[in-house]
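A short write-up of the structure that comes next.
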């Protein structure tokens, strides 16, 4: 550890340091200073790697040590854009309401920090306008005026600003941001998009507070194209890191479900009725009906018992299950082909084609055997299917 890093952290966390002199009730902890030194050293450039510090650091410490400040202060002073990822909202609130104000008051008054949530926490202006235009007045009867007034004044259209509107409500599910509905730069509401505003402000911030689900979902979205929320960053700090494995597994795997496919069918039927006519409308309608019927037949063919079960063994034992999965793949590919033919039209059709092709690709990968992909021995995917009362998920 370089002497300059030690001196820097000692001047802040030491018995006579800035925190001890300035913060009422601050208690010197040798372990906190040791951790701050280690984090600062990890983030500091070296002669061998002048652009960055060490690649990783794992710290375990007892409750009450002051771990949050021990990583936040070195992160802020590093000059890099740092993402702090937590598992719980309580810790996010602590950082935002307690630790960051303390750092601004005593160490860096110009610190730019922002809490970024998952995209489904923010209103999609395009979906909201579409729902208004569809004359779905009953959905707005108890809050429409409040929503209109709120949209005119809110900064990011974060649902938590509306305590009367639950995240699970039908209204919010119809107007919130979702990656598979996002039209990207071609969206007619792109200029006023709240998510774009959030992205711009995040790009101007040095410290971003997120949760594990957002971080890994954002990484997953980056693999498939437009739709990421976070800007480029140099450093990630995982707090409550014992939850990371489960969250990463969720987002770096992939699923195919009855609900996902029927959601696409519903979107197609609604937009075809509004935007298409003649042969185009008929082709989309017929392909959507074919997919819907195949999805229901696919769902009915799988065993009905609830729970999680191995998929490869079922495919090997049940020829009818394998056959209906192949029929489903054909229906998805046909739909993607039909939608590709509309790629030159304005509107959401290229995105719908991408959704159909993505679902077809997921199914193909879920059905693939190790013989089809020798590299799978290295990837080591585990495949299963899950039944609930109404849904089937691979």
**Prompt:** Within the stretch 86-114, restricting attention to residues that are out of contact with any helix residue (DSSP H, G or I) (no Cβ under 9 Å at 6 or more places or on another chain) and surrounded by 14 or more Cβ atoms within 10 Å (Cβ to Cβ), which residue is modelled with the lowest pLDDT?
**Reply:** 92
**Request:** Among the numbered conditions (1) buried (at least 19 other Cβ atoms within 10 Å of the Cβ); (2) in contact (Cβ under 8 Å) with a residue 60 or more places away in the chain, tell me where residue 260 comes up short.
**Result:** (1)
**Request:** Please specify each residue of the stretch 187-223 satisfying the condition of being surrounded by 18 or more Cβ atoms within 10 Å (Cβ to Cβ), out of contact with any strand residue (DSSP E or B) (no Cβ under 6 Å at 6 or more places or on another chain), within 26 Å of residue 94 (Cα to Cα) and at pLDDT 90 or above.
**Result:** 198, 206
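The values are calculated or read from the model by the stated rules, or taken from the named source; none is laboratory data. None of these values were measured; they are calculated from a predicted model. Positions of Cβ are generated from backbone atoms using ideal geometry, with glycine treated the same way; all protein chains shown enter the neighbour counts.
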